[in-house]
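Values in this text are rule-based calculations from the coordinates and carry no lab data. Bear in mind the structure is a predicted one, so any value in this text is a computation, not a measurement. Neighbour counts run over all protein chains shown; Cβ positions are idealised from the backbone, glycine included.
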């Protein structure tokens, strides 16, 4: 099996995010980013750069780039060094990263990169390697909600529903940013015939996405099974 240790790759973590100084460099950094699933560049069919985000004094975007191979790449672009930002007196990217590290708000770069590489391994159906990478993430950052979420997906794929339930519940306990954990739990409970638990999980998901057709249908199906 391949080693799970990563070597830092530009763009896969906030710490090693692209740091353009011009808008042209900003556009090129995402357009020329190497897809980590197929090792090709310049063949993205969709690209959403998303809203501007902050981490301490860092200003950045997290672009979602879907490659023609089907894999979704997530790429960090730090914009502190753009001329328009420097004119506003923001910290340089170097100084902002040092400050974020001092304040202990900067995400662990190896964990961020491992999670993306774990997804790429799963994309190629190398689930053993993907699981090893997720386990390494949790070894580095035991309370990382995305790692627990990925573990839930991998456990479901293995048919290990108890482990999947535990992992998804852990992800939910650690963060509110994973509503899909509730949706996935609903499907697991429905498969296991635990219809009330499934309804509760689907309802939790529907609280955030009330127009989700699949979740709504599943609630109706579970209620029918319960004779309601």
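Rounded to the nearest 10 degrees, the inclination of helix 109-123 to the longest alpha-carbon principal axis of the chain is 50 degrees. Relative to the longest principal axis of the Cα atoms of the chain, the long axis of helix 179-192 lies at roughly 30 degrees. For the chain, the longest principal axis of the C-alpha atoms and the axis of helix 161-174 are separated by about 50°.
Measuring spread by the Cα atoms of the chain yields a radius of gyration and Dmax of 19.8, 66 Å. Taking only the C-alpha atoms of the range 111-225, Rg followed by Dmax gives 14.5, 45 Å.
If the label point is 7 Å along Cα→Cβ of residue 69, which residues in the range 115-146 have backbone nitrogen under 15 Å from it? Answer for this model: 116-127, 130.
If you count the DSSP beta bridges with both ends in the chain, what percent of them are antiparallel, to the nearest 5?
95
Could you work out [θ]222 nm for the chain from helices alone, using -39500 (n - 2.57) per DSSP H run of at least four and dividing by all its residues? Round to the nearest 500 deg cm²/dmol.
Rounded to the nearest 500, it is -16000 deg cm²/dmol.
Each label was represented as a point 7 Å from its Cα along the Cα-to-Cβ direction; for residue 180 and residue 41 these points are 2.7 nm apart. Rounded to 0.05, the FRET efficiency of the residue 192 and residue 25 pair, given R0 = 45 Å and the Cβ-Cβ distance, is 0.30.
Given R₀ = 22 Å, what would the calculated FRET efficiency be for residue 10 paired with residue 143, taking r from the Cβ atoms and rounding to 0.05? My answer for the efficiency is 0.25.
Summarised in one figure, the compactness ratio Rg/Rh of the range 23-107, Cα atoms and Kirkwood Rh, is 1.03.
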